[in-house]
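S.K.: Below are the structure tokens for one structure; questions will follow.
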Amino acid sequence: MISKKAIKCLVAGTALLVSYSASAAWPDRPLTIVAPYAPGGNADVLARLIGKAVGERLGQTVIVENRPGAGGMVGSAYVAHAKPDGYTFLLGSIANTLYPYFYKKVPYDVKSSLQPVSQVVSIPNLVAVAPKSKFKNLQEIIAEAKSHPGAVSCATTGVGTSTYLSCELIKLRLGVNITDVPYKGGIPAITDVIGGQVNFVIANEALPFIKDGRLRGIAVTSEKPTSLAPSITPVSSMIKGFNVVSWYGIFAPSHTPKQITEKLAHEVAEALKSKEVLDRLTVLGATPVSSTPAEFKKYFDSELEGWGKITKEMNVTPS
């Protein structure tokens, strides 16, 4: 008679074999990448750009699904609770390291529910105004905010995002009262600034709008000027050491098989070498950054810790 212990070992071994076989055959059906912001923004554009390139390499269709809300947290939570079978992924961002500092209730465990797969790009936020705005530079905006506290408004991509953080840091470091108006993505925020409903915008989607004249760039949040718009002055010229750089990356639900995440990371790295992808990233103002799952996890953890210290300095109270 076979012992219970032997049966358990047999069952475990069979499950492991099935899991390995499924991973080896991956992908045998379409994949889904969730973009947790509104259509047209960088998360959406990058998800479609990378999805198309990776899909062609894997021989499978990659579907992009927009699930905006709460600064990207709605879409992130959806993927965090998805089946870890290698068919649902998140095009996440720096915002995924900020949620626990801005929200009392985050509907998933930021440290363990999502598995970093590969960073995709880094990209600075740009501060911009409508072409006919009376503000010629950031100094004029700050002067107005000091003269009329609360009267100047800033459009950002949602509470807990890097653009929201940028605005709040500017307010803190310069001691001004600016009304932060959060949107569900960069495009809706930019649209309202162009339309005159809000005074200025901080968004990493702004570069194409600046290039074609629909916006006028007045500052960049990276510590040094961006090579893609070298004439735009860094915020650090007014606030020493100011440096907020956004990034985007692929995440999977926790416990997704290692063979799958490593293969996907490899395909992302290869996709980022293609001329079509690189040309599009240049237009967006983004710098390609590929990484292994282990490298991306190390970077994610360091960002989580680093922003924790900064938000503590800011006396951020989760709401």
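S.K.: Looking at segment 289-319, which of its residues are under 19 Å from residue 106 (Cβ atoms), of a type outside the set (Ser, Thr, Tyr) and surrounded by 13 or more Cβ atoms within 10 Å (Cβ to Cβ)?
M.R.: Listed by number, the residues that qualify are 297, 300, 301, 303, 304, 307, 308, 310, 314, 316, 318.
S.K.: Turning to a different aspect of this structure: Give all pairs with beta carbons closer than 9 Å in which a residue from segment 115-141 that is free of Cβ contacts under 8 Å to residues at least 60 places away in the same chain meets a residue that is surrounded by fewer than 18 Cβ atoms within 10 Å (Cβ to Cβ) and outside any loop (DSSP other than H, G, I, E, B); count only pairs at least 6 apart in sequence or on separate chains.
M.R.: 134/140; 134/144
S.K.: Sticking with this one: Tell me, please, whether a residue that is within 18 Å of residue 169 (Cβ to Cβ) and either part of a loop (DSSP other than H, G, I, E, B) or not aromatic (Phe, Trp, Tyr) (or both) can be found in segment 73-92.
M.R.: No; the residues of segment 73-92 include none that is within 18 Å of residue 169 (Cβ to Cβ) and either part of a loop (DSSP other than H, G, I, E, B) or not aromatic (Phe, Trp, Tyr) (or both).
S.K.: Which of the numbered conditions does residue 207 fail, given that it passes all the others? Conditions: (1) modelled with pLDDT of 95 or more; (2) crowded, with 23+ Cβ neighbours inside 10 Å; (3) under 30 Å from residue 194 (Cα atoms); (4) of a type in the set (A, V, I, L, M, F, W, C).
M.R.: Going through the list (1) modelled with pLDDT of 95 or more; (2) crowded, with 23+ Cβ neighbours inside 10 Å; (3) under 30 Å from residue 194 (Cα atoms); (4) of a type in the set (A, V, I, L, M, F, W, C), residue 207 breaks only (1).
S.K.: In addition: In the list 139, 119, which residue meets the criterion of being within 30 Å of residue 172 (Cα to Cα) and in the same structural domain as residue 301 (by TED's automatic domain parsing)?
M.R.: Within the list 139, 119, the selection yields 119.
Conditions tested, residue by residue: (1) buried (at least 18 other Cβ atoms within 10 Å of the Cβ); (2) modelled with pLDDT of 95 or more; (3) within 23 Å of the chain's Cα centre (by Cα); (4) not in a strand (DSSP E or B).
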{"site": "146", "(1), (2), (3), (4)": "no, yes, no, yes"}
{"site": "160", "(1), (2), (3), (4)": "yes, no, yes, yes"}
{"site": "164", "(1), (2), (3), (4)": "yes, no, yes, yes"}
{"site": "173", "(1), (2), (3), (4)": "no, no, no, yes"}
{"site": "177", "(1), (2), (3), (4)": "no, yes, no, yes"}
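S.K.: Now a separate question. When segment 179-191 is examined, which residues are found to be outside any loop (DSSP other than H, G, I, E, B), over 24 Å from residue 228 (Cα atoms) and under 16 Å from the mean Cα position of the chain (by Cα)?
M.R.: Within segment 179-191, just 182 meets the criteria.
S.K.: Further question: Restricted to segment 192-236, and to residues that are of a type in the set (Val, Ile, Thr), under 15 Å from residue 131 (Cβ atoms) and in a helix (DSSP H, G or I), which residue is farthest from the chain's Cα centre (by Cα)?
M.R.: Per the criteria, the residue is 194.
S.K.: Counting only residues that are in contact with a Ser or Thr (Cβ under 7 Å, 6 or more places away or on another chain) and not small (Gly, Ala, Ser), how many does segment 155-169 have?
M.R.: 5
S.K.: Also: Might you let me know whether segment 107-119 holds any residue that is of a type in the set (Asp, Glu), at pLDDT 95 or above and on the phi < 0 side of the Ramachandran plot?
M.R.: Yes, because at least one residue in segment 107-119 is of a type in the set (Asp, Glu), at pLDDT 95 or above and on the phi < 0 side of the Ramachandran plot.
S.K.: Can you say whether residue 281 is within 22 Å of residue 100 (Cα to Cα), assigned to a helix (DSSP H, G or I) and of a type in the set (A, V, I, L, M), as far as the supplied structure shows?
M.R.: No, not satisfied.
S.K.: Additional query: Just to be sure before I move on: is residue 319 out of contact with any Leu (no Cβ under 8 Å at 6 or more places or on another chain), outside the structural domain of residue 116 (by TED's automatic domain parsing), in contact (Cβ under 8 Å) with a residue 24 or more places away in the chain and among the hydroxyl-bearing types (Ser, Thr, Tyr) in the structure I sent?
M.R.: So residue 319 passes the test.
S.K.: Okay, next question. So, of the residues in segment 214-245 that are closer than 15 Å to residue 123 by Cβ and charged (D, E, K, R), which turns out to be surrounded by the fewest Cβ atoms within 10 Å (Cβ to Cβ)?
M.R.: Result: 224.
The values are calculated or read from the model by the stated rules, or taken from the named source; none is laboratory data. Fair warning: this is a prediction, and the values are worked out from it, not measured in the lab. Every residue, glycine as well, gets a Cβ built from its backbone with ideal geometry; the counts of neighbours run over all protein chains shown.
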